[in-house]
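Written out below as structure tokens is the structure these notes cover.
The values are calculated or read from the model by the stated rules, or taken from the named source; none is laboratory data. Please read these numbers as outputs of a predicted model, since none were measured by experiment. With ideal geometry, Cβ positions are generated from the backbone for all residues, glycine too; neighbour counts draw on all protein chains shown.
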Amino acid sequence: METAGAAVIALIAAGLAATADPAGRLLFALLALWLAGLVATDLLLRPRLRADGAGLQVRTFAVRGRLPWSQVQRVRVDQRSRYGLTARALEVDAGDLLLVIGRRSLGADPRDVAATLNEIRYGQAGQASRPAPG
């Protein structure tokens, strides 16, 4: 939904860039380009994260590939508050690799994604042996 909204706003900004004064043209053109890049990134890199019993499939600019559960040391949610706003990101720690993926890229609340990943990783029967969160 956010991707479609960004595409519509990019088209509107491109239209305004054609009719605005010179300074406005530059600003609207930059906005249209930035939003078009955001839309392209969303379309090309979706889904960012997939999980199954064998591990994670990751698609980011820096990392593309399979990450087996044996390499994953920890899955947690990083939560920070600033200026009255709370930001959450999913952190997947795999030794030398630390993936940090935000809500917008995940398409869901990082807390829900972390819970789902841990269910997939440890299974319903393994919940008693699940390590403590954090």
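Regarding the range 22-41, can at least one residue be identified that is among the basic types (Lys, Arg), more than 20 Å from Asn118 (Cβ to Cβ), out of contact with any Leu (no Cβ under 8 Å at 6 or more places or on another chain) and not assigned by TED's automatic domain parsing to the domain that holds Ser105? Yes, because at least one residue in the range 22-41 is among the basic types (Lys, Arg), more than 20 Å from Asn118 (Cβ to Cβ), out of contact with any Leu (no Cβ under 8 Å at 6 or more places or on another chain) and not assigned by TED's automatic domain parsing to the domain that holds Ser105.
Assess whether Ala6 counts as being under 27 Å from Val113 (Cβ atoms) and outside the structural domain of Pro68 (by TED's automatic domain parsing).
Details: under 27 Å from Val113 (Cβ atoms): yes; outside the structural domain of Pro68 (by TED's automatic domain parsing): yes.
Considered against the rule, which asks whether it is under 27 Å from Val113 (Cβ atoms) and outside the structural domain of Pro68 (by TED's automatic domain parsing), Ala6 comes out as yes.
Residues in the range 66-88 that are closer than 13 Å to Gly102 by Cβ and modelled with pLDDT under 90: 0 in all. Filtering Leu16, Leu31, Leu67, Leu27 for residues that are free of Cβ contacts under 8 Å to residues at least 60 places away in the same chain and in a strand (DSSP E or B) leaves a single hit, Leu67. Of all residues in the range 89-105, none satisfies being at pLDDT 90 or above and among the hydroxyl-bearing types (Ser, Thr, Tyr). The listed residues are Gln79, Gln57, and the only one of them that is touching a strand residue (DSSP E or B) at 6+ places or on another chain (Cβ under 6 Å), loosely packed, with under 12 Cβ neighbours inside 10 Å and outside any helix (DSSP H, G or I) turns out to be Gln79.
Out of Arg59, Arg74, Arg82, Arg66, one residue alone is over 27 Å from Asn118 (Cα atoms), of a type in the set (D, E, K, R) and assigned by TED's automatic domain parsing to the domain that holds Arg121. It is Arg82. If we keep just the residues of the range 14-65 that are within 17 Å of the chain's Cα centre (by Cα) and among the basic types (Lys, Arg), which is modelled with the lowest pLDDT? For the range 14-65, the residue satisfying everything is Arg46. Residues in the range 58-77 that are within 23 Å of Leu38 (Cβ to Cβ) and in contact with a Pro (Cβ under 8 Å, 6 or more places away or on another chain): Arg59 alone.
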